[in-house]
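Novice: Have a look at this one before I ask anything.
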Amino acid sequence: MKKTVLRYGTYSAITICVLFIISWYALSNLSLPVQEVLGYVSIIVSLSFVYFGIKHFRDKENEGKINFKKALVIGILISLITAIVFGLLDVFYTEVLNPGFMDNYYSEIAENMKGTLPPDELKLKLAELEAQKEQFSNPLLSFTFMALTVFVIGFIISLISSLILQRK
């Protein structure tokens, strides 16, 4: 089981890193909402290795059998590897490769709000946005949020994959 988790966790982590780098270089001219959607698609694509890892373990290492609990554990561990790597990659990106990212991100969001909200509501939303910007400027919080985002999506994929692949 350990070998399968490490192998498919590595595949998933490499995939999320490659997709992140491709999106950084090739898709940076797209709007933030489109980049965000593509980011979630990248997370889901990279976490598809959860399914393949569970299936590999069931078919190649466990004589075609796997119960729900063991499948879920394998999926969660693969997701955890991916989540940690992505959290580290995000911190590296925002602290080293593109330190102005948070300022650019929040200024674009503020600009979008100005065109859609009435002045009194805009003041409140801008204050909330400024508080969020301060929080996410902390590398530890940024790591935690990004890793948890990937992990939660991975947990859902692990649940679905475990239900589909369980065999007694």
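Novice: Quick one: would you say Val96 is part of a helix (DSSP H, G or I), at pLDDT 75 or above and surrounded by 12 or more Cβ atoms within 10 Å (Cβ to Cβ)?
Specialist: Working: part of a helix (DSSP H, G or I): yes; at pLDDT 75 or above: yes; surrounded by 12 or more Cβ atoms within 10 Å (Cβ to Cβ): no.
The answer is no for Val96.
Novice: Out of curiosity, is Glu63 free of Cβ contacts under 8 Å to residues at least 60 places away in the same chain and part of a helix (DSSP H, G or I)?
Specialist: Values: free of Cβ contacts under 8 Å to residues at least 60 places away in the same chain: yes; part of a helix (DSSP H, G or I): no.
Spelling it out, it is not the case that Glu63 is free of Cβ contacts under 8 Å to residues at least 60 places away in the same chain and part of a helix (DSSP H, G or I).
Novice: Also, quick follow-up: What's the number of the condition Met113 fails, among (1) outside any loop (DSSP other than H, G, I, E, B); (2) at pLDDT 75 or above; (3) more than 15 Å from the chain's Cα centre (by Cα)?
Specialist: Just one mismatch for Met113, condition (2).
Novice: Pull out all pairs, ordered by first then second residue, where Cβ-Cβ is under 7 Å, the residues are six or more apart or on different chains, the first lies in the range 134-152 and is over 14 Å from Ile78 (Cα atoms), and the second is among the β-branched types (Val, Ile, Thr).
Specialist: So the pair list comes out as Pro139/Val91; Ser142/Val91; Ser142/Thr94; Phe143/Val91.
Novice: Restricting attention to the range 108-160, which residues are among the β-branched types (Val, Ile, Thr) and over 30 Å from Ile66 (Cα atoms)?
Specialist: Ile109, Thr116, Thr144
The values are calculated or read from the model by the stated rules, or taken from the named source; none is laboratory data. Bear in mind that the values here come from a model prediction, so they are computed numbers and not experimental data. Neighbour counts are summed over all protein chains in view; Cβ atoms, including those assigned to glycine, are modelled from backbone coordinates with ideal geometry.
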